[in-house]
């Protein structure tokens, strides 16, 4: 095919494939052209194109499920008390409330044990009474992974893990006395 020539497309067949559940991309694959070619031919011959909400992958067609940018799965449950204004609820929150047999109280956080937000099996979920406890779980998991002891903490200056007996605690941070003395000497 030379530049500017049109590759023939059987529009009747293309329209049939498209309206029986196919996508523009699938139609294009059948005729060995790209999706834009199919779309422009459909527009040229006034063949209607489905709106975004009619596509197979749209959340209404996917059982009311979608994946957000942080990796959490949302499900459409408009009657559930823990839903957003749009009627969606994070799947792990919905599963936890089903296991409890009641909606989750305000402030409760559901933790993913393996830290994969889309893995929502019962065995992977931990219901935390508040965000403070949830963060505490993450600190202990990081300590276990880094040094093998969940009680150890990281010095914010030297970034080394150590037993809290050897560290000074200031608010929520830990530091070695020697590290802090060096830090103050160098800062002055």
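What Kirkwood Rh does the range 54-177 have if only Cα atoms enter the pairwise 1/r average? Answer in Å.
Evaluated on the range 54-177, it is 16.9 Å.
Pull out the extension gain between residue 23 and residue 140, defined as 0.36 nm times the separation in residues minus the alpha carbon to alpha carbon distance; nm, one decimal.
37.4 nm
Normalised by the residues of the chain, what does the relative contact order come to in percent, with Cα pairs under 8 Å and at least six apart?
The value is 8 percent.
By how many degrees, 0 to 90 and rounded to 10, does the Cα axis of helix 35-44 deviate from the longest principal axis of the chain?
The answer is roughly 40 degrees.
Project the alpha carbons of the range 66-118 onto their principal axes and report the range along each, largest first, in whole Å.
26, 22, 17
Could you work out the helix-only [θ] at 222 nm for the chain, with each DSSP H run of four or more residues adding -39,500 (n - 2.57) and the total divided by the number of residues, to the nearest 500 deg cm²/dmol?
Values: 6 runs with 64 residues, N = 188.
That calculation yields -10000 deg cm²/dmol at 222 nm.
Using only the alpha carbons of the range 11-50, what is the convex hull's orientation-averaged projected area in square nanometres?
Mean projected area of the Cα convex hull: 2.3 nm².
Return the FRET efficiency for the residue pair residue 12, residue 67: r is the Cβ-Cβ distance, R0 is 30 Å, and the value is rounded to the nearest 0.05.
Calculated transfer efficiency: 0.25.
None of the figures in this text is laboratory data; all of them are computed from the coordinates on show. In this text the structure is predicted, and so the values were computed from the model without any measurement. Note that we place each Cβ from the backbone using ideal geometry, even for glycine, and neighbour counts take in every protein chain shown.
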